[in-house]
Amino acid sequence: MARVRPGGAQRWRINAGSATEAYKTGVGTPRRAWDVGAKEAENAWKDGVADAAASGRYGKGVTKAGNAKWADRALSVGASRFAQGVNATEAQYESAVAPYLQVISNITLPPRYKKGDPRNLERVKIITEALRKKKLG
């Protein structure tokens with residue numbers, strides 16, 4: 001019979017928690033480029049997602065985790081990292097949103113009517129269509 005040592009979660013926490021330098025080294029010197037492996041795995045990803053969807057595993061996982069676990073992790077871990085993540089990605093956000101802001105700034109909209117006038121929805125439609133066209137290229 002295989003032997004399972006007790007305390008695995010504690011060993012994992014201690015070892016993984018002190019592996020920051022190993023993490024940095026791994027990211028800095030991967031065996032192969034991340035994008036190459038990710039592109040090669042695209043069909044496997046599609047098949048895995050389709051299989052999980054067909055067998056209901058996504059929904060089962062959501063049910064298993066539950067809202068309480070999601071809220072607990074989001075508040076106890078995510079909240080403390082949120083501002084740091086935002087601050088670290090300001091430049092990427094700016095470059096990602098710039099093409100869409102350019103599209104919006106080049107749109108000539110029809111006149112705005114009084115609040116609640118259904119003709120105002122045409123303005124929304126024009127912007128929505130232009131942004132969708134930009135996204136899909």
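Read the figures in this text as sums done on the coordinates, not as results from a lab. Owing to the predicted nature of the structure, the values given are computational and were not obtained by experimental measurement. So basically every Cβ, Gly included, is an ideal-geometry build from the backbone, and we count neighbours across all protein chains shown.
Observations on the model:
- For the chain, the 222 nm mean residue ellipticity estimated from helices alone, with every DSSP H stretch of n ≥ 4 adding -39500 (n - 2.57) and the total spread over all residues, rounds to -22500 deg cm²/dmol.
- Remark: the chain carries a charge dipole of roughly 420 debye about the Cα centre, counting +1 on each Lys and Arg Cβ and -1 on each Asp and Glu Cβ.
- With Cα atoms, 0 to 90° folded angle of helix 90-105 axis to the chain main axis: 20
- In this simple spin-label model, placing a label point 7 Å from the Cα along the Cα-to-Cβ direction at both Tyr58 and Arg31 gives a separation of 3.0 nm.
- In terms of Cα atoms, the Rg and Dmax of the range 92-137 work out to 12.5, 38 Å.
- Extreme residue, positive dipole direction of the range 92-137, given options Pro110, Ser95, Gly137 (C-beta unit charges): Pro110
- In terms of distances greater than 31 angstrom between alpha carbons, the cross-link table entries Lys24/Lys135; Lys39/Lys60; Lys114/Lys134; Lys24/Lys46; Lys46/Lys135 yield Lys24/Lys135.
- Between Ala22 and Glu122, full extension at 0.36 nm per residue minus the direct alpha carbon distance yields a gain of 30.5 nm.
- Gain upon complete extension [Gln102, Phe82; 0.36 nm per residue less C-alpha separation]: 4.4 nm
- Look at where the Cα atoms of the range 36-65 and of the range 98-116 average out, and the two centres are 38 Å apart.
- In nm, spacing of pseudo-spin labels at Ala68 and Glu94 (7 Å Cα→C-beta vector): 4.5
- Hull shadow area, averaged, the range 11-88 [alpha-carbon convex hull, nm²]: 8.0
- Segment Ala44..Lys135, full-extension length gain: 30.2 nm, with 0.36 nm per residue of separation and the alpha-carbon distance subtracted.
- Here the alpha carbons of the chain define both size measures, Rg and Dmax, at 23.7, 78 Å.
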